[in-house]
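Below you'll find the structure, written out as structure tokens, and then a few comments.
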Amino acid sequence: MAKASDVKSGNVLRFNGELVTVEEFLHRTPGNLRAFYQARMRNVKTGKLVEYRFRTDEEVEICRVETNDYQYLYDEGDFFVVMDNNTYEQFNIPKFLFGDSARFLKDGMNVIIAFESDEPIIAQAPTSVELEISYTEPAVKGDTSTNALKNATVETGVEIKVPMFINIGDKVKVDTRTGEYIERVK
């Protein structure tokens, strides 16, 4: 067990039986009162935000989390199968850990997975990916003078908004957090 003074932002704690990541951890010394630590933490499983005040001598359990790069292989039911690039060992990672960015994953892509005692707790896709446009309507002459957008389907089957000059077969860079078009890739 560690003291509250040992905790830093980004640590993973076992708090009330649940795993939480520390987003903000501030030391407060209000006037003539005792000092305390104000923590803002997010539950790893539910995403719920928790705020708590720790006494300076309060004991906390800091979990040992191993984060590594893995290669996404394929989709299998409610799981994504990933492979460790060093040992070639394969793991099943629940889809919900990736959130909305899961729809932009394609075979061979590198992802970041954090494990706490052989249980995956955090999964991160790259912030941007390059995908090929598999279908889009051709632009109508005269529509290209403004910043008009049209629907396009990328190779993973997701529909995004792209500028009028994008055609079938073009590669585009997409932000996986928002699903927005960033730029055309040469």
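The values are calculated or read from the model by the stated rules, or taken from the named source; none is laboratory data. Only a predicted model underlies this, so the values are computations on that prediction, with no experimental measurement involved. Cβ sites come from the backbone with ideal geometry, for glycine too, and all protein chains shown count toward neighbours.
Before moving on, here are some points about what is shown:
- The residue of region 127-166 that is nearest to G99 (Cα to Cα), among those that are assigned to a loop (DSSP other than H, G, I, E, B) and either in contact with a helix residue (DSSP H, G or I) (Cβ under 9 Å, 6 or more places away or on another chain) or modelled with pLDDT of 90 or more (or both), is T127.
- Any chance V111 is surrounded by 15 or more Cβ atoms within 10 Å (Cβ to Cβ) and either part of a strand (DSSP E or B) or among the aliphatic types (A, V, I, L, M) (or both): yes
- Residues satisfying the stated conditions in region 167-179, i.e. part of a loop (DSSP other than H, G, I, E, B) and over 19 Å from A139 (Cβ atoms): T176, R177, T178, G179
- Matching option when the condition is closer than 22 Å to P126 by Cα and either β-branched (V, I, T) or at pLDDT below 95 (or both), among T29, T56, T67: T67
- The set of residues in region 14-28 that are in contact (Cβ under 8 Å) with a residue 60 or more places away in the chain and among the aliphatic types (A, V, I, L, M) contains only L19.
- Subset of region 95-120 [closer than 14 Å to Y70 by Cα and touching a strand residue (DSSP E or B) at 6+ places or on another chain (Cβ under 6 Å)]: F98, L105, M109, N110, V111, I112, I113, A114, F115, P120
- Search result, residues across region 51-70 that are buried (at least 16 other Cβ atoms within 10 Å of the Cβ) and under 19 Å from the mean Cα position of the chain (by Cα): V65, Y70
- Residue in region 84-95 that is at pLDDT below 95, surrounded by 14 or more Cβ atoms within 10 Å (Cβ to Cβ), farther than 30 Å from A152 by Cα and not polar (S, T, N, Q) present: yes
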